[in-house]
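For reference, the structure discussed in these notes is given below.
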Amino acid sequence: MAKDVESADVRGGEFPVRDYQDPPPAPLVDPDEFNQWSFYRAIIAEFIATLLFLYVTVLTVIGYKSEIDPMKGGNDCNGVGILGIAWAFGGMIFVLVYCTAGISGGHINPAVTFGLFLARKVSLVRAILYMAAQCLGAMCGCGLVKAFQRAYYTQYGGGANELQKGYSIGTGLGAEIIGTFVLVYTVFSATDPKRNARDSHVPVLAPLPIGFAVFMVHLATIPITGTGINPARSLGAAVMYDKVQAWDDQWIFWVGPFVGAAIAAFYHQYILRAGAAKALGSFRSSSVL
């Protein structure tokens, strides 16, 4: 467990020195978790949060496509547009992370959970059960949309992610990798105890930058893949829509986010947080002794 002291000097002003202590790495398997209600409460929170996330966002996508349908007298100027869809995704993440951060950490995304697991922030058991809860919640959220809007759901694609025409598989995969990197990197930065201690004069409401990261990534990648960056979101929509085109490129929406999350975890923990240098220093010290 590393303990550091940081001070800050901004515009000539000296701020009080604060120390911080990194929590110990999470064990791969922690038997004590199974005896704690907070563990099961966190899994339920991830399930409900992902359900609500898919319910609101997929309804927004379907509503937009309905409003621009030329067969109904619509045009591209109707509806919320891509900007509105991006706001729906980013805004819902902001709200749900704010509501669940103190209970489960507010992951709501298997890629985020995977990145935090690689950084040893959560145990293997918790990571697996979180991912299962997120995927099940996504299916249930899309199932509610399908139940309430059955005709529109099938007609307008069920909010399923697909590689858009004119883009190669490599472009789509790259968009998912970079988009997820931005999101997971933001999660690490917004929740970093060292940052909170060093920059204590700059209050950071963690859900806000995370929600904005989702918003910005959607603006960039909706025209390419419809924006996945969340395997549960892509899987839930594909399962409920259940058409061939929803499954053709499904692997992109798993491989891309997981690779992006892994790169973000490595970059933050071993480059920005100098994890590799600390590990080397500890090794050298033990060798000398």
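The numbers here are math on the coordinates, done by the rules we state, and not lab data. Please read all numbers here as calculations on a predicted model, not as lab measurements. So basically every Cβ, Gly included, is an ideal-geometry build from the backbone, and we count neighbours across all protein chains shown.
Taking Cα pairs under 8 Å and at least six residues apart, what relative contact order does region 27-273 come out at, in percent? Relative contact order of region 27-273: 29 percent. Based on Cα atoms of region 119-197, Rg over Rh with Rh as the Kirkwood radius reads 1.09.
Sorting 57, 154, 186 from the fewest to the most surrounding beta carbons within 10 angstrom yields 154, 186, 57. Taking every Cα-Cα distance in region 27-273 and sorting them into 5 Å bins from zero, the calculated P(r) comes out as 1, 7, 13, 18, 20, 16, 11, 6, 4, 2, 1, 0 percent. Counting every other Cβ atom within 10 Å of each residue's Cβ, 146, 72, 65 order from fewest to most as 72, 65, 146.
Close Lys pairs in region 27-273, defined as Cα atoms under 20 Å apart and 8 or more places apart or on different chains, number 6. What is the list of residues in region 90-109 whose amide nitrogen lies under 19 Å from a point 7 angstrom out from the Cα of residue 41, following Cα to Cβ? Only 96-108 pass the distance filter.
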